[in-house]
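For reference, the structure discussed in these notes is given below.
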Amino acid sequence: MMMYLTRVAIEAMEVTRYRLGDPYRWHQEIWKAFPGVPEGTEQEFLFRIERKESHTTLWILSGVEPQPLSWGYWETKPVAQTFLNHNRYEFVLCANPTVMRVVRLDDGSRKKNGRRTAIYGENELKQWLVQKGEAAGFRVEQSCCLPPVKEYFYKRNQLGVHVRVDFQGVLTVTDQTAFETAWKNGIGPAKAFGFGLLLLKPLA
């Protein structure tokens, strides 16, 4: 399956004009770049938001080439089939690291679905990344992360919050098939809110 990586540069004034204030709003707007795909289609694209004072950079990984919208400067390139054939990569990852906690009912029995709880400790965050890497076909050689930041959003007039953690480092591929699947599908939960996109740079 051909994949496309898109970079969109958006000036701060445009972010304000189009009310791109929270991750859920971004997600709604990005769907407009895929007019032939019904909104809500599972994992049709991943995205990452990089904010600075003067501008915002939006990255989109998709299996369908997006149609540029009226805001921002859009650049889309097909990802070469050989891109994922390297052994080592530098990576950056914006993730929503969580752990599933057991929830007990009043009678003491275990509720079928637990509760996702954000992870804050640096050692716990690195261990979360290692575990995700093992499942995704790669080994983390080195990594560091910025302190967790709360990101608020509105969905159906309800205020919600996710915890964002930005990782970067070096990884080694251990399972090519699992690695490719994880790269296409994303790492961790809350992918519809701008988490999970693994940006890669091959290393010799």
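For residues in the range 178-194 being among the hydrophobic types (A, V, I, L, M, F, W, C) and part of a loop (DSSP other than H, G, I, E, B), which is surrounded by the most Cβ atoms within 10 Å (Cβ to Cβ)?
Of everything passing the filter in the range 178-194, Ile187 is surrounded by the most Cβ atoms within 10 Å (Cβ to Cβ).
Do we find that Glu134 is part of a helix (DSSP H, G or I), at pLDDT 95 or above, more than 17 Å from the chain's Cα centre (by Cα) and not β-branched (Val, Ile, Thr) in this structure? Even if it seems obvious, please write down each step before you answer.
Numbers: part of a helix (DSSP H, G or I): yes; at pLDDT 95 or above: yes; more than 17 Å from the chain's Cα centre (by Cα): yes; not β-branched (Val, Ile, Thr): yes.
It is true that Glu134 is part of a helix (DSSP H, G or I), at pLDDT 95 or above, more than 17 Å from the chain's Cα centre (by Cα) and not β-branched (Val, Ile, Thr).
Since Arg88 meets every condition but one in (1) modelled with pLDDT under 95; (2) among the basic types (Lys, Arg); (3) over 27 Å from Glu44 (Cβ atoms), which condition does it not meet?
Among (1) modelled with pLDDT under 95; (2) among the basic types (Lys, Arg); (3) over 27 Å from Glu44 (Cβ atoms), the lone unmet condition for Arg88 is (1).
Output the number of residues of the range 153-204 satisfying the condition of being touching a residue at least 60 places away in the same chain (Cβ under 8 Å) and of a type in the set (Ser, Thr, Tyr).
Number of matching residues: 2.
Determine if the range 162-177 includes at least one residue that is part of a helix (DSSP H, G or I) and either modelled with pLDDT of 95 or more or open to solvent by 10 Å² or more (accessible area, probe 1.4 Å) (or both).
Start the filter on the range 162-177 by keeping residues that are part of a helix (DSSP H, G or I), which leaves 176-177.
Within this subset, residues satisfying the condition of being either modelled with pLDDT of 95 or more or open to solvent by 10 Å² or more (accessible area, probe 1.4 Å) (or both) are 176-177.
Taking every residue of the range 162-177 in turn, at least one turns out to be part of a helix (DSSP H, G or I) and either modelled with pLDDT of 95 or more or open to solvent by 10 Å² or more (accessible area, probe 1.4 Å) (or both).
Checking the conditions here, which among Tyr4, Tyr24, Tyr18 is more than 13 Å from Gly194 (Cα to Cα) and touching a Lys or Arg at 6+ places or on another chain (Cβ under 8 Å)?
Tyr4 is the lone residue from the list that is more than 13 Å from Gly194 (Cα to Cα) and touching a Lys or Arg at 6+ places or on another chain (Cβ under 8 Å).
When the range 1-54 is examined, which residues are found to be open to solvent by 70 Å² or more (accessible area, probe 1.4 Å) and modelled with pLDDT of 95 or more?
Arg7
Which numbered condition trips up Phe45, out of (1) in contact (Cβ under 8 Å) with a residue 24 or more places away in the chain; (2) of a type in the set (A, V, I, L, M, F, W, C); (3) within 22 Å of His27 (Cα to Cα)?
Answer for Phe45: the failing condition is (1).
For the range 139-161, enumerate the residues that are open to solvent by less than 70 Å² (accessible area, probe 1.4 Å) and in a loop (DSSP other than H, G, I, E, B).
Pro148
Looking only at the range 195-204, filter to residues that are surrounded by fewer than 15 Cβ atoms within 10 Å (Cβ to Cβ) and not hydrophobic (A, V, I, L, M, F, W, C); which one of those is farthest from Leu20 (Cα to Cα)?
So in the range 195-204, the residues surrounded by fewer than 15 Cβ atoms within 10 Å (Cβ to Cβ) come out as 201-204.
Subset that is not hydrophobic (A, V, I, L, M, F, W, C): 201-202.
Values: Lys201: 28, Pro202: 32 Å.
Per the criteria, the residue is Pro202.
The values are calculated or read from the model by the stated rules, or taken from the named source; none is laboratory data. The structure presented is a predicted model; accordingly, all values stated were derived computationally and were not measured. Cβ: placed from backbone, ideal geometry, glycine included. Neighbour counts: every protein chain shown. For the accessible areas, the whole protein counts, side chains as well, though only heavy atoms, and no ligand, DNA or RNA atoms are used. Shrake-Rupley method; radii C 1.70, N 1.55, O 1.52, S 1.80 Å.
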